[in-house]
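The values are calculated or read from the model by the stated rules, or taken from the named source; none is laboratory data. Computed from a predicted structure; not experimentally measured. Using ideal geometry, Cβ is built from the backbone for each residue, glycine included, and neighbour counts are taken over all protein chains shown. Just so you know, the surface numbers come from the protein's heavy atoms only, side chains and all, with ligands and any DNA or RNA stripped out. Shrake-Rupley method; radii C 1.70, N 1.55, O 1.52, S 1.80 Å.
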Amino acid sequence: IERTLSIIKPDATRRNLTGKINAKFEDAGLRIVAQKRIKLSAEQAGKFYEVHKDRPFYGELVEFMASEPVVVQVLEGESAIAKNREVMGATNPAQADEGTIRKEFALSVGENSVHGSDAPETAKEEIAFFFSGLELV
Ligand code: ATP
Ligand code: MG
């Protein structure tokens with residue numbers, strides 16, 4: 001059993017899509033074991049996306065992620081990291097498979113509705129970035 005960090009991004013929370021996105025996770029066998037709605041400061045968003053700091057879209061991404069509240073969550077399941085990324089679909093919604101979250105809900109490659117950790121080490125770091133031990137059972 002594995003855990004991964006998921007973020008429902010501002011374009012999706014703004015359009016009231018949290019429940020529909022969560023239904024996709026649950027239908028795929030992922031269990032939402034922790035969840036909270038928070039508003040990131042630009043500084044916090046910048047720190048979370050630090051690995052992308054040299055990419056041309058970094059400034060835009062940080063500004064977007066801090067623009068409105070996000071829902072951060074921990075998803076648990078068999079191969080949760082890979083399964084979550086499968087349910088999310090490709091980064092660019094134009095390339096996302098039918099039935100995926102990004103195909104159905106994403107607005108653009110930047111405003112693409114969800115984030116999911118990409119490997120076990122990053123999942124561990126990203127979960128610890130948002131959740132304390134007390135919030136995880
Ligand atoms: P995430 O890390 O959010 O799960 P990902 O792993 O599919 O998505 P990355 O390449 O890690 O995509 O990019 C991180 C995020 O940066 C993307 O989810 C998207 O919001 C934004 N992004 C990526 N490429 C672009 C781009 N070309 N233009 C604007 N924003 C982008
Ligand atoms: Mg990524």
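The table below lists the values:
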item: Hits in segment 66-93 - residues which are away from ligand 2 (no atom under 14 Å from the Cβ), open to solvent by 40 Å² or more (accessible area, probe 1.4 Å) and either β-branched (V, I, T) or out of contact with any Ser or Thr (no Cβ under 9 Å at 6 or more places or on another chain) (or both); result: S67, E78, S79
item: Enumeration of residues in segment 93-131 that are more than 10 Å from ligand 1 (Cβ to nearest atom), under 22 Å from A45 (Cα atoms) and not in a helix (DSSP H, G or I); result: L107, A119, F131
item: V51, sole failed condition from (1) loosely packed, with under 13 Cβ neighbours inside 10 Å; (2) under 22 Å from T13 (Cβ atoms); (3) within 14 Å of ligand 2 (Cβ to nearest atom); result: (2)
item: Residue ID - most open to solvent (accessible area, probe 1.4 Å), chosen from residues in segment 94-124 that are touching a residue at least 60 places away in the same chain (Cβ under 8 Å) and hydrophobic (A, V, I, L, M, F, W, C); result: L107
item: Meets criteria (within 13 Å of S6 (Cα to Cα) and either within 16 Å of the chain's Cα centre (by Cα) or in a loop (DSSP other than H, G, I, E, B) (or both)) for A90; result: no
item: Restricting segment 31-46 to residues that are under 15 Å from the mean Cα position of the chain (by Cα) and among the charged types (D, E, K, R), the residue that is most open to solvent (accessible area, probe 1.4 Å); result: R37
item: Checking E63 against (1) touching a residue at least 24 places away in the same chain (Cβ under 8 Å); (2) more than 14 Å from ligand 2 (Cβ to nearest atom); (3) open to solvent by 40 Å² or more (accessible area, probe 1.4 Å), the condition it does not meet; result: (1)
